[in-house]
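Working notes, structure below.
The values are calculated or read from the model by the stated rules, or taken from the named source; none is laboratory data. Note that the coordinates shown come from a computational prediction; the quantities given were computed from them, not determined experimentally. With ideal geometry, Cβ positions are generated from the backbone for all residues, glycine too; neighbour counts draw on all protein chains shown. Remember, those area values only see protein heavy atoms, side chains included, never the ligands or the DNA or RNA. Shrake-Rupley method; radii C 1.70, N 1.55, O 1.52, S 1.80 Å.
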Amino acid sequence: EKVILPFLKSQGIRKVDGWFLTHPDADHVSAILELEGNTGVKIEKIYLPGVLWEEFKEIRNYADNNHIEVCVLFAGNVVQLDKWKMEVISPAKNTDYAGENEASLVLYLTDGDFRALMMGDAGTEAEEAVIRRGIKDVTLLKVAHHGSAKGTNSETFLQRISAQIAVISCQKNNSYGHPHAETLQYLKASESDVYRTDLQGAIRIRIENTGVTVVPYRIP
């Protein structure tokens with residue numbers, strides 16, 4: 001109501017092709033639930049990590065009530081959206097994870113030379129899966145778990161990923177102290193340009209033939 005909907009309306013967006021929910025924590029699913037019934041925004045598909053199917057009961061009910069297709073994803077699946085190729089890196093099918101964060105949907109998006117890695121709230125297991133896949137030197141990294149340094153965002157991983165642009169989603173003056181100073185230090189050492197929603201508002205990434213532009217979006 002305060003961020004997503006004002007942004008969609010300001011851009012004249014009436015249809016969302018795909019909405020990816022990494023895991024069922026409230027801070028990752030509340031936005032889509034707030035859209036129900038009063039927005040005029042049509043969502044075509046919702047993508048969920050298959051290993052957390054039961055935990056997404058509220059979202060599945062929402063999708064049923066609003067006639068939205070639900071797509072379940074596991075490592076190795078590929079989603080093609082026009083020219084975008086979205087590869088699922090984690091979670092793996094028939095695998096037990098330490099918790100919902102660790103089972104987060106991790107996505108690798110490519111379009112020509114543009115490469116984006118979106119880590120959800122994932123930690124060590126997902127980092128290892130990314131490394132095994134051979135991913136490194138990305139254009140854009142959505143930093144895991146709001147910039148936490150507890151069981152995620154290891155120095156080795158961030159150095160390998162070596163993101164040109166790193167985006168951290170976190171609330172201003174949050175009680176967890178995100179992003180952690182250690183994570184910011186590792187990103188600086190990797191020479192990543194860091195953007196934070198607590199400082200710059202919602203972050204929009206514009207990809208054009210001339211390159212990649214970061215456009216902070218302030219709520220009117």
Might you let me know whether the range 190-199 holds any residue that is modelled with pLDDT of 95 or more, of a type in the set (Asp, Glu), more than 21 Å from residue 28 (Cβ to Cβ) and in contact with a helix residue (DSSP H, G or I) (Cβ under 6 Å, 6 or more places away or on another chain)? no
Could you check, for the range 200-218, whether at least one of its residues is under 30 Å from residue 8 (Cα atoms), among the charged types (D, E, K, R), modelled with pLDDT under 95 and within 18 Å of the chain's Cα centre (by Cα)? yes
Given (1) over 21 Å from residue 21 (Cα atoms); (2) hydroxyl-bearing (Ser, Thr, Tyr); (3) under 18 Å from the mean Cα position of the chain (by Cα), where does residue 156 come up short, assuming only one miss? (3)
Please go through (1) open to solvent by 10 Å² or more (accessible area, probe 1.4 Å); (2) closer than 18 Å to residue 192 by Cβ for residue 158 and return the number of the only condition it doesn't satisfy. (1)
Just give me the residues in the range 159-188 being in contact with a Phe, Trp or Tyr (Cβ under 9 Å, 6 or more places away or on another chain) and under 20 Å from residue 105 (Cβ atoms), in sequence order. 166, 167, 168, 170
Condition met for residue 129 (part of a loop (DSSP other than H, G, I, E, B), open to solvent by less than 30 Å² (accessible area, probe 1.4 Å) and in contact (Cβ under 8 Å) with a residue 40 or more places away in the chain): no
For the range 191-220, how many residues meet the condition of being in contact (Cβ under 8 Å) with a residue 40 or more places away in the chain and in contact with a Gly (Cβ under 8 Å, 6 or more places away or on another chain)? 3
So for the range 105-114 (the condition being among the β-branched types (Val, Ile, Thr), in contact with a Gly (Cβ under 9 Å, 6 or more places away or on another chain), in a strand (DSSP E or B) and at pLDDT 95 or above), does at least one residue qualify? yes
Inspect all residues belonging to the range 207-214 and state whether any of them is open to solvent by less than 60 Å² (accessible area, probe 1.4 Å) and touching a helix residue (DSSP H, G or I) at 6+ places or on another chain (Cβ under 9 Å). yes
Of everything in the range 143-155, what is surrounded by fewer than 23 Cβ atoms within 10 Å (Cβ to Cβ) and polar (S, T, N, Q)? Give them in sequence order. 148, 154
